[in-house]
Structure formats: C-alpha cells, structure tokens
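Engineer: What follows is a single structure, and I will ask about it in a moment.
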Number of protein chains: 4
Amino acid sequence: MMINFRNDYNDIAHEAILDLLLEVKDQSNIGYGEDVITDKAKQLLQTHFDHKIYTSFMVGGTITNKTVISHLLKPYEAVISASTGHIDVHETGAIEQTGHKIITIDSVDGKINASDVKRTLEQFQDFHRVIPKMIYLSNATETGLIYNKSELIELYEVAKQNDLILFIDGARLGVALTSKESDLTLNEISLYSDIFYIGGTKNGAMLGEAIITKHEAMHNNLTYSIKQNGGLLAKGFILGIQFQALFTNNLFFEIASKANQNANLLVEGLKQLRIDFKPTPTNQQFLRLKKSIVDSLKKNYQFEIWADHDAEQTIRLVTTYRRNEVEIQSFLRDLSKLI
Amino acid sequence: MMINFRNDYNDIAHEAILDLLLEVKDQSNIGYGEDVITDKAKQLLQTHFDHKIYTSFMVGGTITNKTVISHLLKPYEAVISASTGHIDVHETGAIEQTGHKIITIDSVDGKINASDVKRTLEQFQDFHRVIPKMIYLSNATETGLIYNKSELIELYEVAKQNDLILFIDGARLGVALTSKESDLTLNEISLYSDIFYIGGTKNGAMLGEAIITKHEAMHNNLTYSIKQNGGLLAKGFILGIQFQALFTNNLFFEIASKANQNANLLVEGLKQLRIDFKPTPTNQQFLRLKKSIVDSLKKNYQFEIWADHDAEQTIRLVTTYRRNEVEIQSFLRDLSKLI
Amino acid sequence: MMINFRNDYNDIAHEAILDLLLEVKDQSNIGYGEDVITDKAKQLLQTHFDHKIYTSFMVGGTITNKTVISHLLKPYEAVISASTGHIDVHETGAIEQTGHKIITIDSVDGKINASDVKRTLEQFQDFHRVIPKMIYLSNATETGLIYNKSELIELYEVAKQNDLILFIDGARLGVALTSKESDLTLNEISLYSDIFYIGGTKNGAMLGEAIITKHEAMHNNLTYSIKQNGGLLAKGFILGIQFQALFTNNLFFEIASKANQNANLLVEGLKQLRIDFKPTPTNQQFLRLKKSIVDSLKKNYQFEIWADHDAEQTIRLVTTYRRNEVEIQSFLRDLSKLI
Amino acid sequence: MMINFRNDYNDIAHEAILDLLLEVKDQSNIGYGEDVITDKAKQLLQTHFDHKIYTSFMVGGTITNKTVISHLLKPYEAVISASTGHIDVHETGAIEQTGHKIITIDSVDGKINASDVKRTLEQFQDFHRVIPKMIYLSNATETGLIYNKSELIELYEVAKQNDLILFIDGARLGVALTSKESDLTLNEISLYSDIFYIGGTKNGAMLGEAIITKHEAMHNNLTYSIKQNGGLLAKGFILGIQFQALFTNNLFFEIASKANQNANLLVEGLKQLRIDFKPTPTNQQFLRLKKSIVDSLKKNYQFEIWADHDAEQTIRLVTTYRRNEVEIQSFLRDLSKLI
C-alpha cells in the first residue's frame, strides 16, 4: 500500500471530529453559525488568549483570504505579500477579483521582513499608485518556514508605525506553533498581529478555518462580508464541530506536533543518509534527487514533484499526524538503497 | 422536547452520509475534487440523465450562484430574476460583488414566466442599459412553489429565442421534483435549462450543491471560477461523499419525498381544521394566525415568523425527512385546541 | 434648418468657455488637476458657500456616480435610489461593476421622500441583506422635477438619523436651482447633503462635473478613487477651464436660467393652446400627441420619442440656453396648426 | 520665462484643434459619439489601414486600458505586462479594480519579448493560477523605447500560437512611429496586434485616445463596456473633434515628428557636450547629473526628477512639438556652463 507524503489535506478528518459528529448527529441546530456548538468552539478558542478575541469560521483558505482582505481595505488600498505568497501564486486571482492589488516583495523562502516592508512603502507615494494598507504573511510559509517572535514583533511595529494591518494566513499555523524552533504562542500571534486565522483543513479537520481578531472594529459586519463572499454556511455548525473537537484537550496542537515529530524523524534520517538538503522546521521537506531515484520512490510513496531540473527533481514530502515511525523508516530505508 | 419546523438545514446530515464518512475515514485521497469518491458521485449523477452532463461541486447556494453567474456573463451582461429571488434578496449583494446587475421581475409567488421575460427584454435595447443574458429561477421557489413542465419549456424556448442562458437554482430541487404536483424529472431539468444545481444542504447533506450542465463550453474552466470565488475545497472529497451517499439507492429522492409526505400530512390536517391558508406543493407551508396562538405554539414548536400583520403573524412551517406523523399530529392537535 | 429640442448636451460649449480656452491656449500647465486654472475654478466655487468645501472635477456623470459611490461604501453597503434613477436605469450597470447593489424605491416622477427611505430601511435588518448606507437622488430628476427645501431637509434628517450618506446627482443642478419653483440655493444643497456634484456637461460646458463635499474625510483620497476609476485626466486643466468660465460672473446660473425661461415660454404657449400636459419646473417638457402630429413636427424640430402608446407618442422637449423666443414661438405655431 | 520639458501633456491643444472647435461651435450634434464629426474622424483613421478597422474613442489612457482589458478577458484570465508597465505601476490598481490580475515580467527598459512571454506561460498550468490571456505592451514604452517590426511580429506570433490577445498601449504611439529608428507603420501596428490605441492626449489633443481593432468580435458591445466603465461622453463629438483635426493632413504625425526632432537636437547636443547618457529614439531623454547642476537648471527649465541617487539625480526631459531649436540650444548652453 502506498504511503502518502503528498500533502496535509488527504484524509477525511481526525477520529475525534468524526466522534463529535456522531455524538451530535440527532441534534437540531440554529443556522448560519448562531448555534451552541459554534458558540462552544468560540469559547474554547478564547481560553488560549489573555485578551478578548472575536472569532468567525469559514470553509477554506482562499475564501478566508479574499473575505478578510476585501472586508478591511478600501478600493484603492493594497496588500503587501511575499512573491511566493499563496494569495499571489495559488488563488487564481481571488484577491484581484475583489478589486485589490497585491504588491509583492521578492522572497525565496516565503518570508518577508520589516525592512522589506519599509523599502516597499517608499515606492508608494502618490495617487498614481495604490496605498499599501495591509501586510499579509503566512506562518508557516508555503515552503515550511516559520517566523520567530522577534521577526513578528518587528513586522508588527512597522505595521503600526505606518498604519498598516498585519494579517497572518495560518493555514499551517499548527505546525508553525508546535515546531521545536518556534518561540511563539497562539496568544502572541494575536498580540503581534491584527487579524489571523487558524487553519483546520491542513490540521485534521474536514474543512474550516477560524478567523480571529482582537479588534472589535475589524470584526464588525464581518458576517456581511462572509455572506457576500459566499462563505456563510447554512449549516454553520459543521464548522463549529470541527473547532470544538480540535480545541478540546488541545487536539489541535497534538495533531500538529505529531506532524512535526514525523518530520523530525524524516530530517534526522535524511541527515544520517548524508542527503544534501535544507531541512525546514515544520512538516514539509524538500529534497532534490536524481530523476531515476524519484521514479523508484514513486512506486511506494506519494509525493509532489515541486520542481524539475533536467536530470534531477525536487520533491516535497509532507508529514501529517497520520504517518508513523515505521512509515518514515521505510521511506528512509528505500531511499538509502537508491543513493 | 421542541419539535423543529424551522427550516430544512438544522440537522447534521442523513445517517447514510455519516456511514459513508466512517467507511472511508482511513482512506487517503487526492485533493481539489480530483479523487475517486468525487468521481463516483459524478458517475451516479450521470445515471439520471439520457445525455452527457458535466458536474462540479460547491459548498453552498450563494457561492454557487455567484460563481455560475460570473463564470457565464460578460461584465455588461445581467441576470433576470423574480423580485423575490434568493440572489436579489438574501445574498448580501453577492452577485453585484461580481459586477453584475440583477434585473428583477415583480413576483408574489417567486415564479416568473415566459411573457414576463419577453416584456423585460423589450426594455433593454441600447448601450445605456445592461444586456439581459441569463434567466435565473428557483425550483422550488423561496415560498415552496414549483414549475411544471410546460412552464419550464416555455421559459427555455424564450431563452433560446433570445440567446439567454437558463439557470435553475435547485437548492430545493429535491422537494420540487418529488412533489406530487410535479411532472418533471431530473433529466428534464437538464433538458429544459442550460445549467442548474442540485441542493444537498437542504436535502440531508452536511453541505454541498452539485452544479450540472449539458454544455461542455459552460463547464470549461469552471474550476478556475470556482477557485477564484474561493469555493474549491482542498478536501473536495468531503463534497464527493455527500453526493455519493445521496445518489446511492436514490436516497436524495427518498429524503425529499419524506419531507413532502410530512408536508402533505400537515396540509390535510390543516384543511380538516378548516384553517384558511394556501397550501404549497412542497415542504414549506405558510399560516397566518393570531399572535396569541403563535405564542402558544412557540412553547413546543420551532418555526420562523415570516411576516407581522398587527394582531396576526404569518409563520413558516418547514417539514423535513426528520419529522414524522406523530409530530405532525401533535402540532395539529395543539393548534386545534387554540383556534 | 432644424430646431433642436433633443437634449441639453448637443452644443460644443458656451462661448465664454471657448474664449477662455483661447485665452490660455499658449500656457503650459501642471498635470492631473494640480494647475492654477483648476485652483482658480475651485476658489470661484468656494465663494458660493458659507462653509469650507472640497472640490474635485471629473469628465461626466456616470463616472462621477460610480467613483463617489464606490469611494464611500464598504463592499456590503448599498445605495438607495428611485427606481427611475440614472444609476439604476441608464448607466449599463456601472455601479454594480464596482460591487454595490442599488436598492430601488418605486417612483413615477423620479423623486423619493423621507418616508420611502424609512420604509426601505426596515426591510434590511440582517446579514443576509446588504446594509443601506447611502441615499442617491437627482436634482433635477430624470424627468425634470425638483426637490424643495423642506423635502431635502427631511431626507437629510432621515439620513443623519440612520447614519446614511446623502448624495445628490446634480447633472442638471443648474436648472433645478434656477427654476422659479425652487427655494434652494447652491449653499443649501451642500448644507443639506453630504456630497453632490454640479453638472457642467448639460449646462454649457464641453464636459465636466464638479464633485463637492463639506466633509474632509469624504474628500480624503478621493483622487485615488478618481484615478482608479480612470477619471483622472492628464490635462486636468481642461476641466478647470470649464468651471472657471462657468463660475465667472455667474455664467453657470445664467445658462440655466435661460434654459428655464425658454421652458416657461414653451409651457405658457402650450397652456394657451389648451394642450393637456403636466408641465415641469425645469427645462424638460413631456407632451403626449397623436403620432401623425409627432411625424409632422419631426420635419422641423429635433426631439426624443420618450414613449410609444399605440396611436400616440410622448415626446420630450428639452430647452437650452441656445434656444430663443422666436424658435419657441415657431414650434408653438406649427403645433397649433396640427391640433 | 520657464522652458517646459516636464511632460507631453502640459499644453491646452494644438491650434488646429482649437480652430476646428471654433469652426463647429454653433453646430448641434447627436450625443454619445453617434455624430457626424466622430464619423468623419473614424473615416480619416480608416484611410491609414489596408484592412477594415473598428474605432471607438475614450478620454484617457487609464480608462482605455481598464475598459479594453475587462471587455476582453474572462474573470479568471490575466494580462501579461512588463513590470514597468503603466497598468501595473501608475494606474492606482485600475486593472485589478475590474477583477483581473496583472502578471509582470521583469523589465528594465519597459520592453518584453517573445521568449519572456513563453517562459511566463510555462508557469501557469493549472486551476490554482490565473490563465494568461493577453499581452499588454506600450509603444513607445514608459521610458521612451520602441518596438521594431521583427520584435512585434515575434510577439504577435507567440500570441497567436498561445491564443493570447496582443494589446498595444499607444499613449505615445505618435513618437514611436515617427521615430527615425522605427520601421513600423500605423497599418502594421494593426496587422501585428489585436487591439491598440492611438494616444491623443500626449500628442497635441485636449484629451482622447482612439481604440482600434481589426476584429469585429472585439469591437462588438465595446460601447457597453465603455459606458459601464464611465467612459462614454454625452458630448462624444468633443473627442471626434480631436481626432478629426489630428488626422486631417497628417497633423498627428507632424506633431509627433516635431517632438522627435526636438529630441534629436537635444541628443546631438548632449553628445557634443560628451554627457554620458543613453539616448532614446523618442521624445523622452534621461540624464544623470550632479544635484547642484540639476538645481541650477531648475531655475529656467521645468522637468521631472526621475530618480534620486545620493549626490546625483536622474532627470527626465520631454520634448514636444511646442519646443523649438532656440529653446533646446538654450538648455544645452546653460548645461555646458554647469558641467
């Protein structure tokens, strides 16, 4: 049977979510997220913060990004993103569809820093150009890197000094926060940003992202924007169930930790094999291998070809909470025979 | 315990859907709707048609409406709808957000007919006005009425004569087709329209609508529009599961029939009580009652107040497959004591 | 030679504008409206107000409407208009193109009143509907009627009570203010609205509308919106020239008065001919005549057919400052021979 | 008196345009571009092409760009531009406001070539990314460079091979075609592109750009898009006048030639002064000079500071048909004293 390293959204959901679904299956519920399950999920989330937060749920990352950005920006205001940012590269123009320009900062690893932002702002000075009004960043980034506390604080400071909104795409926030290299807590993500979301889809949920802001003004009328963008589920409680389960007994962090632990096993094994690669601190690892090796690995393992380079290919290996040590060792063993 | 007549989207999902979820819970799947479960669901749907259909899945009605409409219209083209149409009244400007005007035809019962459309077209004759390019109708309508075959054929003919696209919102297509007053089949819905969707959310699914068109050209690149509108789930198979279950052993029609049967029981009982009301052929019934009676009913039954009229109120009673004869009789008995 | 009653935008421009063009023809000027001519025009406009105003210039009505509306509304906010409003009927979906819904109030004469607005607001109460945030009205209306001071004050009060923006389309503000039935001044138009524009195109200019607001916050960044909407002329001074000329020696009001005087002559003459019609207080008059009479009149006069009614037609006669008593009398004489 | 090298849109208009304005000043005209003057302008333009062309007029470059692009692209289709392209850098997000992404190709001189385009296309292969559907280029570019015939043909071929639309922004087409380095005719611009415009604003007109396409299908309903974008002037004949004058006796080319001749004088003079700079073949020249020299020149000459480099500045000198040899020599003489 194939072992799946393809991505972190290939399973139905964590058992605990299915269990909760079954537990409430005969309940009747109020629609549009005004039900008690959704309320419970919000309360569970609130316990992770030392300040009042406002929470809304949406089904996926792209719709969350376009809703948050268009909710907060005026027509002539733009969002700054790394050139590798999901909103610029992998959302089929979803942000532009709402009328907003994305200003990209060239970035190899998907991270941007405070001085990048300052340099960018200098170029936008008159009414022939849009007004940069938001910084968008992903934690973890598209290629598995993370922001540490000082980097985030610096970005937040430059945002505040320049009247910018700092928005964090947390589609993979779980693996970012539980990475052994992370020095940030969920509470601090809120302290050092204006609005962010916690990704459920890539962390064991069937679907769902939780938008969180500490600013009541940003939350106001957000439901109108969610509805207008087509993101208000009639059965909103389906989303509530995901997050009630994920934030009961810290399941969210447990799922993410397991994914990272599997990644660590993989990284350590690869190092022992003296494979030349740049490990990431989260659940995505990128290896450049001979095409013939890649072809052999394909027989037993599923993964994405990230890039082609003549006789070689870069492959992406994503570990999730579903993988285990036996599977990782199997991969390493098979690889060791090929190199 | 309260008996729920509030709406048709208050339960988690039909047992069969939960069963299928559990059955596949350890499978690993390809993302973005390219998985085998979704494929299977599409095949099951195809069996209901005597011609080739193209199917896509989305999470809910509003996002389906905005995606289909913006996918098919040029910027200066508009959609014709009944003034009571969901797209005009209950989607927070979602269609306008995509840049398109809705041309409304005054309608009390939510239906429009061929001559309404012709009269409307006459008013749009030059470049100071938008070009009407699509007819949008709901079957069943917002207030539970249905189109019969000759009405639909007439609308389709006027559409074809005027180069219009006929788009059917089938959020409640199940109860429309299984109504005892209906003379239409699912196959005929496709024959006499250009594109339509089958609502899962209000017919036993956790979420999900199936967009169907017989025109390859309309299907082309629809996935791009779905993604751009934020409607492409990473775990697309969650939607596939809904429709695989609904279209196995005709569950979809069974769920809808049960809702209609419960409505029939209610209607017959109300007639025997000599309540003055206008029954509908589907699962929504509207009663105008004294406010004091409404208040008494509220103690044991959940329903929506549809309209206020001084000393009276119109209430909406929605029956679903979850209701049963005992509950209906209980309501009728309680009502009989109050009038 | 044909006498033109077709519309108020058929001549090149008033002589004074051409004179000013020639006077400055060898000047070199700063671009994008930051020149001294534009400044001078703004100063001349300011003299008509007892409070500070902020002025911007655009080329025409549709682009002004779409720019002002999209500049001031959030995505889920909508504008209330008479069902006959220019933005709803004659702008090819320009407002919807910016993402905003127009909420129409049925109106025969193109006017709306405070109680219409209040009744409308009651219907928009939750997140399934847009939030009405602006009242749009035209003065004069599409069919030549005007608002008097008490009507405007009432509308402004309902706007303020409900946190709405009152926006006046003044494409024909000149004839409205100089109508003998008007009790409003230009200053009062600003006092009892939030933002409005003064139409140049239909009042002797080659092109151009002046957007005026007393609110600095509404003016802030308006140039960004103007540019984004494609309305910022490189040679902005061309617009400055129009308004410098129009507001030197009150030419703007003189042009409008002359148009109204010609309309009065026409109305008085028609009354003497015992023609049955409903006169308007401005420069547009509507007559319902036998088709054979209309056909005869067409030989010597240009006008628009406003509506067809079997054997009769309603024609629109627009008088401008270019018409004179001889021409009006000629029309009346010809008509008198036909009836 | 200051000599103006600031830009090519600082004068009111060429004498011939003012003459024509005066000539027709007492005519009455049909609105919205359906008048005889506009017709005459279109006929004059047609004489420059060996194939049928379709022409529309708009007021300026930004609104033309956004109208053409949104008229021709589907929502999920994007336009490819040089990173220095006017649509990306200087239009305040006007293209994104219509919902479309701009894909930029890094470019120093503002030019893109066929292999740039091919390489870009390879990166857009699935529904997570937009579909590149149009190539946008400017001739002359933002920095005064031009495309030669073989470059344009190569781009057009890559466009046709990949089902892309080739759209040329001709805001400065006059100086491009009349450059002594150009081997292209106006007819060939149409042959080797799908749609383009001829800039009037920067070539002696008061305002106005002429959109030209050889494809009837692209022209169809373009007036609807123009109106929806707010670009349909009530007094459309004002635009007709500009182009009737410009294309009578080849005035358009004469104005552009004069601007280029003045540029040549400047370039030759600068070479004799042994100034180190990279001449362009059109009416914009860029010089990097010591800040103290720039400051001295500012006393008698107007120009833009294009870039700051510590102790030096790059200035842009734009020559127009209004400049003459005496003024150019004066500048060269003053500069020679400073270096």
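The values are calculated or read from the model by the stated rules, or taken from the named source; none is laboratory data. Note that this is a predicted model, so its numbers are computed, not measured. Positions of Cβ are generated from backbone atoms using ideal geometry, with glycine treated the same way; all protein chains shown enter the neighbour counts. Please note that ligands, DNA and RNA were not included when accessible areas were found on the heavy atoms of the full protein model with its side chains. Shrake-Rupley method; radii C 1.70, N 1.55, O 1.52, S 1.80 Å.
Engineer: Take the residues of region B:44-60 that are in contact with a Leu (Cβ under 6 Å, 6 or more places away or on another chain) and not in a loop (DSSP other than H, G, I, E, B): which is surrounded by the fewest Cβ atoms within 10 Å (Cβ to Cβ)?
Structural biologist: Applying the filter and picking the extreme gives B:55.
Engineer: Moving to a separate point now. Quick check on my filter: what residues within region C:259-292 are in a helix (DSSP H, G or I), open to solvent by 30 Å² or more (accessible area, probe 1.4 Å) and either in contact with a strand residue (DSSP E or B) (Cβ under 9 Å, 6 or more places away or on another chain) or not hydroxyl-bearing (Ser, Thr, Tyr) (or both)?
Structural biologist: C:261, C:264, C:265, C:268, C:271, C:272, C:291
Residue-by-condition table, conditions (1) within 20 Å of the chain's Cα centre (by Cα); (2) within 14 Å of chain B (Cβ to nearest Cβ); (3) in contact (Cβ under 8 Å) with a residue 12 or more places away in the chain:
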| position | (1), (2), (3) |
| --- | --- |
| C:102 | yes, yes, yes |
| C:105 | yes, yes, yes |
| C:118 | no, no, yes |
| C:121 | no, no, yes |
| C:130 | no, yes, yes |
| C:138 | yes, no, yes |
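Engineer: Here is a further query. Restricting attention to region A:71-97, and to residues there that are in contact (Cβ under 8 Å) with a residue 60 or more places away in the chain and over 19 Å from the mean Cα position of the chain (by Cα), which single residue is nearest to the other protein chains (Cβ to nearest Cβ)?
Structural biologist: A:71
Engineer: Something else now. In region C:90-108, which residues are hydroxyl-bearing (Ser, Thr, Tyr) and within 18 Å of residue C:74 (Cα to Cα)?
Structural biologist: Correct list: C:98 only.
Engineer: Could you tell me whether residue A:133 is open to solvent by 10 Å² or more (accessible area, probe 1.4 Å) and assigned to a strand (DSSP E or B)?
Structural biologist: yes
Engineer: Here are the criteria: (1) open to solvent by 10 Å² or more (accessible area, probe 1.4 Å); (2) more than 11 Å from every other protein chain (Cβ to nearest Cβ). Tell me which single one residue D:176 does not satisfy.
Structural biologist: (1)
Engineer: Return yes or no: is residue C:53 among the aliphatic types (A, V, I, L, M), within 20 Å of residue C:190 (Cα to Cα) and more than 10 Å from every other protein chain (Cβ to nearest Cβ)? Before you say what the answer is, go through the steps one by one.
Structural biologist: On the way: among the aliphatic types (A, V, I, L, M): yes; within 20 Å of residue C:190 (Cα to Cα): yes; more than 10 Å from every other protein chain (Cβ to nearest Cβ): yes.
So residue C:53 passes the test.
Engineer: Looking only at region C:140-160, which residues are closer than 17 Å to residue C:83 by Cβ and of a type in the set (Val, Ile, Thr)?
Structural biologist: Of everything in region C:140-160, those that are closer than 17 Å to residue C:83 by Cβ and of a type in the set (Val, Ile, Thr) turn out to be C:141, C:143.
Engineer: Can you confirm whether residue C:320 is within 30 Å of residue C:173 (Cβ to Cβ), assigned to a strand (DSSP E or B) and under 24 Å from the mean Cα position of the chain (by Cα)?
Structural biologist: Considered against the rule, which asks whether it is within 30 Å of residue C:173 (Cβ to Cβ), assigned to a strand (DSSP E or B) and under 24 Å from the mean Cα position of the chain (by Cα), residue C:320 comes out as no.
Engineer: Considering (1) surrounded by fewer than 20 Cβ atoms within 10 Å (Cβ to Cβ); (2) in contact with a Pro (Cβ under 9 Å, 6 or more places away or on another chain), say which one residue B:304 fails and leave the rest.
Structural biologist: Only one criterion is unmet by residue B:304, namely (2).
Engineer: Does residue A:64 fit the bill of being at pLDDT 95 or above, within 11 Å of chain B (Cβ to nearest Cβ), on the phi > 0 side of the Ramachandran plot and crowded, with 24+ Cβ neighbours inside 10 Å?
Structural biologist: So residue A:64 fails the test.
Matching residues to (1) of a type in the set (A, V, I, L, M, F, W, C); (2) under 30 Å from residue D:17 (Cβ atoms); (3) at pLDDT below 95:
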site: D:235; (1), (2), (3): no, yes, no
site: D:244; (1), (2), (3): no, yes, no
site: D:252; (1), (2), (3): yes, yes, no
site: D:266; (1), (2), (3): yes, yes, no
site: D:279; (1), (2), (3): no, no, no
site: D:282; (1), (2), (3): no, yes, no
site: D:285; (1), (2), (3): no, yes, no
site: D:295; (1), (2), (3): no, no, no
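Engineer: Identify, by number, the condition in (1) aliphatic (A, V, I, L, M); (2) assigned to a helix (DSSP H, G or I); (3) under 27 Å from residue D:5 (Cα atoms); (4) open to solvent by 10 Å² or more (accessible area, probe 1.4 Å) that residue C:41 doesn't meet.
Structural biologist: All conditions are met except number (4).
Engineer: Moving on. Does region C:212-220 contain at least one residue that is in contact with a strand residue (DSSP E or B) (Cβ under 6 Å, 6 or more places away or on another chain), β-branched (Val, Ile, Thr) and modelled with pLDDT of 95 or more?
Structural biologist: yes
Engineer: Taking region A:76-107 as the search range and keeping residues that are of a type in the set (S, T, N, Q) and surrounded by 22 or more Cβ atoms within 10 Å (Cβ to Cβ), which one is nearest to residue A:165 (Cα to Cα)? Show your work before the answer.
Structural biologist: Of the residues in region A:76-107, the ones of a type in the set (S, T, N, Q) are A:81, A:83-84, A:92, A:97-98, A:104, A:107.
Imposing the further condition that a residue be surrounded by 22 or more Cβ atoms within 10 Å (Cβ to Cβ) reduces the set to A:81, A:92, A:97-98.
Working: A:81: 12, A:92: 23, A:97: 20, A:98: 18 Å.
Step by step, filter region A:76-107, then rank; the result is A:81.
Engineer: Please verify whether region D:153-164 includes one or more residues that are under 26 Å from residue D:6 (Cα atoms) and either open to solvent by less than 10 Å² (accessible area, probe 1.4 Å) or part of a helix (DSSP H, G or I) (or both). Give the derivation first.
Structural biologist: Of region D:153-164, the ones under 26 Å from residue D:6 (Cα atoms) are none.
No, there is no match, as no residue in region D:153-164 is under 26 Å from residue D:6 (Cα atoms) and either open to solvent by less than 10 Å² (accessible area, probe 1.4 Å) or part of a helix (DSSP H, G or I) (or both).
Engineer: Let me ask something else about it. Quick check: anything in region B:26-40 closer than 19 Å to residue B:173 by Cβ and out of contact with any Lys or Arg (no Cβ under 9 Å at 6 or more places or on another chain)?
Structural biologist: no
Engineer: Filter region A:136-151 for residues that are out of contact with any Ser or Thr (no Cβ under 8 Å at 6 or more places or on another chain), closer than 15 Å to residue A:110 by Cβ and not in a strand (DSSP E or B) and give the result.
Structural biologist: The initial filter retains those residues of region A:136-151 that are out of contact with any Ser or Thr (no Cβ under 8 Å at 6 or more places or on another chain), namely A:138-139, A:147, A:149-151.
Add one more test, that the residue is closer than 15 Å to residue A:110 by Cβ, and what stays is A:138-139, A:147, A:151.
Within region A:136-151, A:139, A:147, A:151 qualify.
Engineer: Within region A:186-204, work out how many residues are under 21 Å from residue A:94 (Cα atoms) and within 14 Å of chain B (Cβ to nearest Cβ).
Structural biologist: The qualifying residues number 5.
Engineer: Let me ask another. Go through region B:182-192 and give me each residue that's under 18 Å from residue B:252 (Cα atoms) and either in a helix (DSSP H, G or I) or open to solvent by 20 Å² or more (accessible area, probe 1.4 Å) (or both).
Structural biologist: Scanning region B:182-192 gives B:182, B:183, B:185, B:186, B:187, B:188, B:189, B:190.
Engineer: Separate question: Filtering region B:17-44 down to residues that are of a type in the set (D, E, K, R) and at the interface with another protein chain (Cβ under 8 Å from one of its Cβ atoms), which residue is farthest from the chain's Cα centre (by Cα)?
Structural biologist: So the residue we want is B:26.
Engineer: Out of curiosity, is residue D:14 within 12 Å of chain C (Cβ to nearest Cβ), over 26 Å from residue B:100 (Cβ atoms) and open to solvent by 10 Å² or more (accessible area, probe 1.4 Å)? Walk me through how you get there before you give the answer.
Structural biologist: On the way: within 12 Å of chain C (Cβ to nearest Cβ): yes; over 26 Å from residue B:100 (Cβ atoms): yes; open to solvent by 10 Å² or more (accessible area, probe 1.4 Å): yes.
When the stated conditions are applied, residue D:14 passes them.
Engineer: Residues C:207, C:232, C:222: which one is closer than 23 Å to residue D:240 by Cβ, within 14 Å of chain D (Cβ to nearest Cβ) and open to solvent by less than 10 Å² (accessible area, probe 1.4 Å)?
Structural biologist: Among C:207, C:232, C:222, only C:207 is closer than 23 Å to residue D:240 by Cβ, within 14 Å of chain D (Cβ to nearest Cβ) and open to solvent by less than 10 Å² (accessible area, probe 1.4 Å).
Engineer: I'd like the full set of residues that are over 14 Å from residue D:113 (Cα atoms) and out of contact with any Gly (no Cβ under 6 Å at 6 or more places or on another chain), limited to region D:127-159.
Structural biologist: We begin by selecting, within region D:127-159, every residue over 14 Å from residue D:113 (Cα atoms); these are D:127-133, D:140, D:142-144.
Result: D:127, D:128, D:129, D:131, D:132, D:133, D:140, D:144.
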